[in-house]
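The values are calculated or read from the model by the stated rules, or taken from the named source; none is laboratory data. Not measured: the values here are computed from a predicted model. Cβ: placed from backbone, ideal geometry, glycine included. Neighbour counts: every protein chain shown.
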Amino acid sequence: MKTKEKIEVFDPSSLLTTVGEELVDILEANNLSKEQFLKDIELAPNIEEITFINKDQLKEIEKFLNIDSLACYLGEFQKKYKSDKKEAETSYKKYKKIYSKLKNLIPLTTTNYNLSIDQLGDFYDFLGIENEEDIFIVSDEKINALYRKKTSQAQQIDNLSLFVWKRRGEELFKQKDLPEYNESLLREWIDNKEWEYFVENVDYFKNLPDIFKEFGIGLILEPYLKKTVYGLVNWINNRPLIQISDRDKKLPVCWHTLFHEIGHVLLHKNKQIFEFDDLSKSITSKIEKEANQFASSLLFSNGDIQRKIFSLNKITKERPNEDIINNMAEEFNVKPMFVAYWFDKAGLGNKDVNNKMPKISFR
């Protein structure tokens, strides 16, 4: 995040030297103080702030200082200042406009990018983009190269937001100093079912990045950014990056996303994959089906829960209560929050359903 002291957009006109400032430098070079000068020449007392001196005054100054062509020099100087000032103001307005479009994304800049004069500059350093005006083109090119917008939810993705969110994950991944990826340790963690004891514990889930670091996996938990994704899998230096958002703010959603992404890591090595759609919905891609089946086998009794709930939904619109949720959880030997999760996805959500799903936030 950016420090509060750093300005949003630097105003380049603040670097320009006024004709008054140039005159003060000339006075100092000639061992004259402003006070001495103003006794003989009628100018505003704050000489440094003067941006224009008329021709008669310029001639008077030249005569007083006895410097040949000084009037011509200062005249050209203030003329160039006026031109440069106009250009700087145009540039400043342009970058302020760009900043306003990016304002909600700039806080995602990682703290190691902090050498620029303003927040906008740090943001572009973070993204690796030199020309500020290219950001919208570059983000489209980079994201479009990774996926095709096939589903309705993917159509709603904002490429720039996804590009920035993904870039932040990559930077946080690099800061983890991970050991070599160890698939055996990951499988051991899955198989020993330690996670089952803590599956309803929000703090345990939020501490998973420390556990996954031992496996050589960079697990990044980032707040959901509007018009992006539930999660993604990437590979950097032969190590998996799993980046998960807190979209929906529900713990069972996060567990579903996590195990879905783990499925990709184990079944589809070295593939970069985005999760645009609600994972509870029909998925046609072969690799998405495989990842979903992997998650379902560990969390949802191989899909028996959702099949029963969706079949009930076709028969009756009766809303579930706490007893129904608990009984079904016992029947399928799963935690009640996963039963509630599928009731919610079936359009049968209510207060009892919501109460069974712990809330989670990555902020």
Any hit, the stretch 109-130, residues being charged (D, E, K, R) and at pLDDT below 90: yes
Number of the exception - residue 336 against (1) crowded, with 16+ Cβ neighbours inside 10 Å; (2) within 28 Å of residue 238 (Cα to Cα); (3) modelled with pLDDT of 90 or more; (4) out of contact with any Leu (no Cβ under 8 Å at 6 or more places or on another chain): (2)
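Applying the selection to the stretch 158-204, what residues are among the acidic types (Asp, Glu), closer than 30 Å to residue 354 by Cβ and outside any helix (DSSP H, G or I)?
Matches in the stretch 158-204: 158, 200.
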Residues located in the stretch 44-62, provided they are more than 13 Å from residue 22 (Cβ to Cβ) and surrounded by 13 or more Cβ atoms within 10 Å (Cβ to Cβ): 57, 59, 60, 62
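Only one of these is touching a strand residue (DSSP E or B) at 6+ places or on another chain (Cβ under 7 Å) and of a type in the set (Asp, Glu): 222, 171, 180, 200. Name it.
222
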Test set (1) touching a helix residue (DSSP H, G or I) at 6+ places or on another chain (Cβ under 9 Å); (2) part of a helix (DSSP H, G or I) - residue 125 fails condition number: (1)
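Being within 30 Å of residue 222 (Cβ to Cβ) and out of contact with any Phe, Trp or Tyr (no Cβ under 7 Å at 6 or more places or on another chain) narrows it down to one residue among 107, 45; which is it?
107
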Members of the stretch 68-79 found to be exposed (fewer than 13 other Cβ atoms within 10 Å of the Cβ) and under 49 Å from the mean Cα position of the chain (by Cα), listed by number: 76, 79
